[in-house]
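Undergrad: My questions all concern the structure below.
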Amino acid sequence: MLNNLDLQGRPEDTRIVVAMSGGVDSSVTAALLKSQGYDVVGITLQLYDHGAATHRKGACCAGRDIHDARNVAERIGIPHYVLDYESRFKESVIDNFADSYALGETPVPCIECNRSVKFRDLLATARELGAQALATGHYVASRRLAGGSRTLVCAADADRDQSYFLFATTREQLDFLRFPLGDMTKPQTRELARRFDLEVADKQDSQDICFVPTGRYTDIIGRLKPNAIAPGDIVDLNGNVIGLHQGIVHFTVGQRKGLGIAASAPLYVIRLDAATRRVVVGPREALRMDRIALRDVNWIGDGPLDRVIGEGIEMYVRVRSTRAPQPAWLRAVAGGYEVELVAGEEGVSPGQACVFYDAPTGQARVLGGGFIKSATASRSARAMTRDTMTPLAEAVRS
């Protein structure tokens, strides 16, 4: 007999570990499963030295959050444990974050945290505790396929969908994970929190990167990777020096403000060259890319990717968490995989994720994704934007 989590057995005979961050989403997840009769165990991860963030709003996994998670567990009557994951979080997430920025990328630390710390390390701990599943408060859903395995789909609440941050979840992990909030809206979640009489019902959502309590991520990168804050040149698309900067860490692809250059037309950061410490700027049209080289591709679509890709797979891709999925082709190329965007996309930044979907809207199936290694424009587009830079560079120098 399958219960409502699609697991064998009665709820009271089914142990579920819930990852409790202290926020309303994970708290409701734990309370909901407890109300349905499951044997629920709450686990909160201490991921960093939270002293500086204890009183800062919008920071997650801080001291206050651990306190809130403990109170919720006591309120609903479940055992609760705090696990010290600081060292593995620093190695897997913080160091990776700093390395990526030093290479001129724009990393997404939440993806790496989900991939390594939560869905690898915490999932293993849940198994050791005899759990049949690990549940989280993510806004994403999973469905059982005809063959018995599970697939990942977008949340019913499109404004809260977190599928972009979970593309690296493997098939094996999906079989063990459950997302009880995937078919709910945020207002429904808060209403459940009030119904369960949880103090966190109106708690503010976390907004900052959890290990950057001050909001100044450059402080961490400067400490771990001093070269990333070394000064360098700002150049146009033809390599002409038109300004100076105080470290590539202060820039990201698509940025317009903060360049410190007076020009007759708006300038945008087109790319970052970490080896030469150069920030390359140009007109907005130079931001549009149509080919994306990927690394670390994770495929959770049907069949092995190398077997089904053939001449290419038509799909929809999202290149930033705030962007809508765009039509594209995924193809195999020498040394990996490449995405060709049908209409192109602005501000494609190395280090971000390119996530695959089978539809542009609704509860689309997540087919996987990869990290953006590089992006290029068609030859004609590159030639056109270079031509526009000659008079622009002269205007800046004047």
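Undergrad: Which members of the stretch 240-274 meet the condition of being in a loop (DSSP other than H, G, I, E, B) and under 26 Å from the mean Cα position of the chain (by Cα)? Break it down into steps so the answer makes sense when it comes.
TA: Here is the first cut: in the stretch 240-274, the ones in a loop (DSSP other than H, G, I, E, B) are 240, 246-247, 251-267, 274.
Across the stretch 240-274, the qualifying residues are G247, F251, T252, V253, G254, Q255, R256, K257, G258, A274.
Undergrad: Something else now. Between G137, G148, which is open to solvent by less than 40 Å² (accessible area, probe 1.4 Å), more than 17 Å from the chain's Cα centre (by Cα) and either of a type outside the set (D, E, K, R) or farther than 21 Å from N4 by Cβ (or both)?
TA: Details: G137 fails: more than 17 Å from the chain's Cα centre (by Cα).
G148 is the lone residue from the list that is open to solvent by less than 40 Å² (accessible area, probe 1.4 Å), more than 17 Å from the chain's Cα centre (by Cα) and either of a type outside the set (D, E, K, R) or farther than 21 Å from N4 by Cβ (or both).
For (1) of a type in the set (K, R); (2) open to solvent by less than 30 Å² (accessible area, probe 1.4 Å); (3) modelled with pLDDT under 95, each residue gets a yes or a no:
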{"residue": "T185", "(1), (2), (3)": "no, no, no"}
{"residue": "Q188", "(1), (2), (3)": "no, no, no"}
{"residue": "R194", "(1), (2), (3)": "yes, no, no"}
{"residue": "Q204", "(1), (2), (3)": "no, no, yes"}
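Undergrad: Looking for something modelled with pLDDT of 95 or more, more than 23 Å from the chain's Cα centre (by Cα) and open to solvent by less than 30 Å² (accessible area, probe 1.4 Å) - is there at least one such residue anywhere in the stretch 300-312?
TA: Yes, that holds for at least one residue.
Undergrad: Would you confirm whether or not the stretch 83-104 contains a residue that is open to solvent by 20 Å² or more (accessible area, probe 1.4 Å), touching a Ser or Thr at 6+ places or on another chain (Cβ under 9 Å), more than 21 Å from S116 (Cβ to Cβ) and modelled with pLDDT of 90 or more?
TA: No, the stretch 83-104 contains no residue that is open to solvent by 20 Å² or more (accessible area, probe 1.4 Å), touching a Ser or Thr at 6+ places or on another chain (Cβ under 9 Å), more than 21 Å from S116 (Cβ to Cβ) and modelled with pLDDT of 90 or more.
Undergrad: Go through the stretch 119-134 and give me each residue that's touching a helix residue (DSSP H, G or I) at 6+ places or on another chain (Cβ under 9 Å) and open to solvent by less than 30 Å² (accessible area, probe 1.4 Å).
TA: Our first condition is that a residue be touching a helix residue (DSSP H, G or I) at 6+ places or on another chain (Cβ under 9 Å); within the stretch 119-134, this holds for 119-121, 123, 126-127, 131-134.
Answer for the stretch 119-134, where residues must be touching a helix residue (DSSP H, G or I) at 6+ places or on another chain (Cβ under 9 Å) and open to solvent by less than 30 Å² (accessible area, probe 1.4 Å): F119, D121, L123, A126, A131, A133, L134.
Here's the yes/no breakdown for (1) in a strand (DSSP E or B); (2) within 23 Å of the chain's Cα centre (by Cα); (3) of a type in the set (F, W, Y):
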position: E12; (1), (2), (3): no, no, no
position: V17; (1), (2), (3): yes, yes, no
position: S27; (1), (2), (3): no, yes, no
position: K34; (1), (2), (3): no, no, no
position: V40; (1), (2), (3): yes, no, no
position: L45; (1), (2), (3): yes, yes, no
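Undergrad: In this structure, is S116 among the hydroxyl-bearing types (S, T, Y), out of contact with any helix residue (DSSP H, G or I) (no Cβ under 9 Å at 6 or more places or on another chain) and open to solvent by less than 20 Å² (accessible area, probe 1.4 Å)? Give the derivation first.
TA: Details: among the hydroxyl-bearing types (S, T, Y): yes; out of contact with any helix residue (DSSP H, G or I) (no Cβ under 9 Å at 6 or more places or on another chain): no; open to solvent by less than 20 Å² (accessible area, probe 1.4 Å): yes.
Answer is no for this residue.
Undergrad: Can I ask one more? If a residue must be open to solvent by 20 Å² or more (accessible area, probe 1.4 Å), farther than 22 Å from Y217 by Cβ, touching a residue at least 24 places away in the same chain (Cβ under 8 Å) and not acidic (D, E), how many such residues does the stretch 244-293 contain?
TA: Within the stretch 244-293, residues that are open to solvent by 20 Å² or more (accessible area, probe 1.4 Å), farther than 22 Å from Y217 by Cβ, touching a residue at least 24 places away in the same chain (Cβ under 8 Å) and not acidic (D, E) number 11.
Undergrad: Return yes or no: is I234 over 25 Å from the mean Cα position of the chain (by Cα), of a type in the set (A, V, I, L, M, F, W, C) and modelled with pLDDT of 95 or more? Write out each step before concluding.
TA: Details: over 25 Å from the mean Cα position of the chain (by Cα): yes; of a type in the set (A, V, I, L, M, F, W, C): yes; modelled with pLDDT of 95 or more: yes.
Yes: the conditions hold for I234.
Undergrad: Only one of (1) of a type in the set (G, A, S); (2) at pLDDT below 95; (3) surrounded by 23 or more Cβ atoms within 10 Å (Cβ to Cβ) fails for A334. Which number is that?
TA: For A334, the failing item is (3).
The values are calculated or read from the model by the stated rules, or taken from the named source; none is laboratory data. Since the structure is predicted, the reported quantities are computational estimates derived from the model, not experimental observations. Counting neighbours? That spans all protein chains shown, and the Cβs are built from the backbone with ideal geometry, glycine included. Accessible surface areas use protein heavy atoms only, side chains included; no ligands, DNA or RNA. Shrake-Rupley method; radii C 1.70, N 1.55, O 1.52, S 1.80 Å.
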